[in-house]
Amino acid sequence: MKFWQSIFAIAALGHLTLALGPNMICYYDASSEDRQGEAKFTLQDMDYALQFCTHIVYGYVGIDPETFEVISLNVQRDVKRRHFSAITELKDRYPLTKFLLSVGGDADLNKPEKYINLLEAGKANQTKFIESARDVLRAYNFDGLDLAFQFPRNKPRKAHSELGLMWKNLKKFFTGDAIVDEKSDEHKEQFTELVKDLKTAFRPYDLMLTLTVLPNVNSSWYFNAPAIINNLNYVTLATFDFTTPERNPKEADYTAPLFPPPAEGNRQGHYNIDYQIDHWISQRVPHSKVNVGIAAYGRAWKMTAESKADGLPVVQHTDGPAPPGEQTKTPGLLKYSEICQLTSPWKVDRKDEEAPLRRIIDRTRKYNVYAYRSADSHGENGLWVSFDDLESAGTKATYVKNRGLGGVALFDLSLDDIRGSCDGDKFPLLRTIKLKLL
């Protein structure tokens, strides 16, 4: 506790102290305000977290598929209950923190093709998008817009036996890689023009424009980095969810390694943070404009009787997403506080689905952490989770600082340990990352 008391004392010196230096970007999923019980994220929680954040990214708004205007995805919460205004009113207490509104993310799932449609819709419809975005930002006192557009994702590689993998590679030799978007070059040019037009419209009002690259979106297909970077304040790479139980149900693996793990199974060389950073830097993007995203949650697979009992990834013969946690209630996803409870040594005497997970520390500091519980004799209660703990999150923050990158983005505040149930300190991931960036 003395360690965290020291950090809190630094924060007490004033928000100015913590606002200097690298970015600490805090994503905020507003739907967490509607959760019940321990998972509910309140304005008081936000107020507490803001002392560590240089930017707040409010998620998410969407695009009207007919008019292409920016719209609230929950008018009752955002507008009628004044949640937009309540969040930005916190600027009075934290005047150096920038408050951005994010469009897209994984929230605008109704007709996600609307993002491609916007690019193809022509200048008149794009002007509607631009003007509506500007008007919403100004009406609710946001400092800028974050583009987290839902572009088509890369298709996951299927799990194959050695013979099946040989046949797949042979077919690939003759047919090439799968094409997710046959018009990607055209869409890249259209996105470049949209970014330029947005910045032109925002400049008189000193509004920020940023880009969030969602997991498994091929950056080279949609983003002409040298052409857009001067019109962006920064780019945040969501460098996690390289594998997930939905995309890769039959094999569990590291979801957010810092460096590439050894070649094995379906692992791909670009599924790691270092590769993604190098790609953007190689496109003449300044180091200071690239932020690394860290997830405050883990991805969880069901282990079966056929899964190897030692838990060492790649874990084959998994059976898709694990059952949902008590707080997040999302299959295959566990927030940090849920994971630390599952790995608690105090549960050593528990059995079956309450038996603790064995946490395996990455002593090389190249990958993220995993924890597992092998299936029992009936093939039940097996669980495998890939996540970042305080040490691995701190290692990634140190990597960001050593490479002179822009900063770290936490996805998202509500999935950290907001109650201090793990070790008594609220927001331990956020605090750890912030400390390493100082």
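The values are calculated or read from the model by the stated rules, or taken from the named source; none is laboratory data. Remember, predicted model here, so these are calculated numbers, not experimental data. Backbone-built Cβ (ideal geometry, glycine too); neighbour counts: all protein chains shown. To get the accessible areas, we keep the full protein, side chains included, count just its heavy atoms, and leave off ligands, DNA and RNA. Shrake-Rupley method; radii C 1.70, N 1.55, O 1.52, S 1.80 Å.
Are any residues in region 358-376 free of Cβ contacts under 8 Å to residues at least 40 places away in the same chain and either in contact with a His (Cβ under 8 Å, 6 or more places away or on another chain) or farther than 18 Å from residue 251 by Cα (or both), and if so, which ones?
359, 361, 362, 363, 364, 376
Given region 54-119, what strands (runs of 3 or more DSSP E) lie entirely inside it while holding 3 or more residues that are in contact with a strand residue (DSSP E or B) (Cβ under 8 Å, 6 or more places away or on another chain) and closer than 21 Å to residue 412 by Cα?
55-63, 98-104
Quick test for you: out of 388, 376, pick the one residue that is among the charged types (D, E, K, R), crowded, with 24+ Cβ neighbours inside 10 Å and modelled with pLDDT of 90 or more.
388
Identify all residues within region 412-423 that are open to solvent by less than 50 Å² (accessible area, probe 1.4 Å) and in contact (Cβ under 8 Å) with a residue 40 or more places away in the chain; write none if there are none.
Scanning region 412-423 gives 412, 413, 414, 415, 416, 417, 418, 422.
When you look at residue 339, is it crowded, with 24+ Cβ neighbours inside 10 Å and either farther than 25 Å from residue 214 by Cα or touching a residue at least 12 places away in the same chain (Cβ under 8 Å) (or both), yes or no?
So residue 339 fits the description; yes.
Assigned to a loop (DSSP other than H, G, I, E, B) and open to solvent by less than 50 Å² (accessible area, probe 1.4 Å): does that describe residue 257?
yes
Give all pairs with beta carbons closer than 7 Å in which a residue from region 120-141 that is within 17 Å of residue 72 (Cβ to Cβ) and open to solvent by 80 Å² or more (accessible area, probe 1.4 Å) meets a residue that is part of a helix (DSSP H, G or I) and of a type in the set (Val, Ile, Thr); count only pairs at least 6 apart in sequence or on separate chains.
If the second residue must be part of a helix (DSSP H, G or I) and of a type in the set (Val, Ile, Thr), the pairs left are 141/88.
Does residue 243 count as modelled with pLDDT of 95 or more, part of a loop (DSSP other than H, G, I, E, B), open to solvent by less than 40 Å² (accessible area, probe 1.4 Å) and not small (Gly, Ala, Ser)?
Criteria met by residue 243.
Can you tell which of 414, 344 is at pLDDT 90 or above and either over 22 Å from the mean Cα position of the chain (by Cα) or more than 28 Å from residue 311 (Cβ to Cβ) (or both)?
414
Would you check which residues across region 38-78 are in contact with a Leu (Cβ under 7 Å, 6 or more places away or on another chain) and either open to solvent by 10 Å² or more (accessible area, probe 1.4 Å) or modelled with pLDDT under 95 (or both) and list them?
Matches in region 38-78: 47, 51, 55, 60, 68.
Please enumerate the residues belonging to region 201-214 that are over 13 Å from residue 149 (Cβ atoms) and touching a residue at least 12 places away in the same chain (Cβ under 8 Å).
Once the filter is applied, which keeps residues that are over 13 Å from residue 149 (Cβ atoms) and touching a residue at least 12 places away in the same chain (Cβ under 8 Å), region 201-214 yields 201, 202, 205, 207, 208.
Restricting the search to region 82-119, which residues are under 16 Å from residue 33 (Cα atoms), modelled with pLDDT of 95 or more and open to solvent by 30 Å² or more (accessible area, probe 1.4 Å)?
82
Specify the residue that is farthest from the chain's Cα centre (by Cα); the eligible residues are those in region 347-357 that are without any contact (Cβ under 8 Å) to a residue 12 or more places away in the chain and in a loop (DSSP other than H, G, I, E, B).
Selected residue: 349.
Being touching a helix residue (DSSP H, G or I) at 6+ places or on another chain (Cβ under 9 Å) and either among the β-branched types (Val, Ile, Thr) or open to solvent by 40 Å² or more (accessible area, probe 1.4 Å) (or both) is the filter; apply it to region 347-356 and report the residue that is modelled with the highest pLDDT.
Once the filter is applied, the top-ranked residue is 354.
So residue 196 clears everything in (1) more than 16 Å from residue 149 (Cβ to Cβ); (2) more than 19 Å from the chain's Cα centre (by Cα); (3) of a type outside the set (Gly, Ala, Ser) except one condition, right? Which one?
Status for residue 196: all satisfied but (1).
Given the residues 306, 326, which is the only one that is assigned to a loop (DSSP other than H, G, I, E, B), more than 19 Å from residue 242 (Cβ to Cβ) and in contact with a helix residue (DSSP H, G or I) (Cβ under 8 Å, 6 or more places away or on another chain)?
Answer to the check: 326.
Tell me, which residue of region 293-335 that is of a type in the set (S, T, N, Q), in contact with an Asp or Glu (Cβ under 8 Å, 6 or more places away or on another chain) and open to solvent by 10 Å² or more (accessible area, probe 1.4 Å) is nearest to residue 236 (Cα to Cα)?
Here the answer is 328.
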